[in-house]
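To keep things clear, I will list the structure first and then write my remarks on it.
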Amino acid sequence: MRRTTVTTLVVALIAGLVGVALMPRVPRLGAQTTGDRDLAAAARSATPDPSGRRGLAVALVENGQVRTSVASSLVAAVLAVVAVAS
């Protein structure tokens, strides 16, 4: 009986630790950027509350030129989405 109780407690503790490690977290905008850094800074400053965002993808057409930038904690994922969308 004692061995069963200890085994159950150990399994419950491991399951709890795995649950905490895999629980959903609030998305956050990381410091990593690609492309035009000035445009990324402008996009960040134009976003009053970046909490809940994983990335910002920006394209600016100005005087016939296109400037792009991605600010993200998941730059590769956002770039894949931008590539598929275009």
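The values are calculated or read from the model by the stated rules, or taken from the named source; none is laboratory data. Since we're looking at a predicted model, the values are computed, not measured. Note that each Cβ is placed from the backbone with ideal geometry, even for glycine, and that neighbours are counted across all protein chains shown. Each accessible area value is taken on the protein alone, full model and side chains, heavy atoms only, with ligands, DNA and RNA left out. Shrake-Rupley method; radii C 1.70, N 1.55, O 1.52, S 1.80 Å.
With both labels modelled 7 Å from their Cα along Cα-to-Cβ, the Val18 to Thr68 distance reads 4.1 nm.
For the set Ser51, Ser45, solvent exposure ranked by accessible area (probe 1.4 Å, protein chains only) runs largest to smallest as Ser45, Ser51. Rolling a 1.4 Å probe across the protein heavy atoms gives segment 1-51 an accessible surface of 84 Å² per residue. Computed from the C-beta positions of Gln32 and Thr4 and an R0 of 35 Å, the FRET efficiency is 0.10 to the nearest 0.05.
Of the listed residues Leu9, Leu22, the order by accessible area with a 1.4 Å probe, largest first, is Leu22, Leu9.
Computed from the alpha carbon atoms alone, the convex hull of segment 12-70 holds 85 Å³ per residue.
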